[in-house]
Amino acid sequence: MIYRIAQYHRDEDFTDDRWDVTYLGERTLAGVFHITHPDHLGDTYRVTEEQAAKLAPLTGLTFDLETYEYYLEPTAD
């Protein structure tokens, strides 16, 4: 699986940007998104304020949750 964080402007349906976060690993991502089993990371998950706070230091990304919505988007590789 490839895991990307996608950024959507709140008023639009198209992504502004995407960042590959596969390097974080399934265990880390499952922990951030409160998924009990890393094997269950197959859905798209909206990034909450709590999750953004955990992801920022791990990824170096800055999350602007007032302007954008962010999602973890897994895709088959």
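The values are calculated or read from the model by the stated rules, or taken from the named source; none is laboratory data. Remember, predicted model here, so these are calculated numbers, not experimental data. Cβ placement follows ideal geometry from the backbone for every residue including glycine, while neighbour counts extend to all protein chains displayed. For the accessible areas, the whole protein counts, side chains as well, though only heavy atoms, and no ligand, DNA or RNA atoms are used. Shrake-Rupley method; radii C 1.70, N 1.55, O 1.52, S 1.80 Å.
Just a few scattered comments:
- Relative to the longest principal axis of the Cα atoms of the chain, the long axis of helix 49-59 lies at roughly 70 degrees.
- Nonlocal amide H pairs with VAL21, under 5 Å, H built at 1.01 Å: TYR3, ARG4, ILE5
- Per DSSP, loop trypsin sites (Lys or Arg not before Pro) in the stretch 24-77 with at most 10 further Cβ within 10 Å: none
- With loop membership from DSSP and a limit of 11 other Cβ atoms within 10 Å, the longest segment of the chain without GluC sites (Glu not before Pro) is 13-65.
- Solvent exposure of the chain amounts to 63 Å² per residue of accessible area, where only protein heavy atoms count and the probe is 1.4 Å.
- Over all pairs of different C-alpha atoms, the stretch 1-41 has a mean inverse distance whose reciprocal, the Kirkwood radius, equals 11.3 Å.
- Accessible surface of the stretch 23-77, 1.4 Å probe, proportion on carbon and sulfur as whole %: 48 percent
- Space enclosed by the convex hull of the alpha-carbon atoms of the chain, per residue, Å³: 84 Å³
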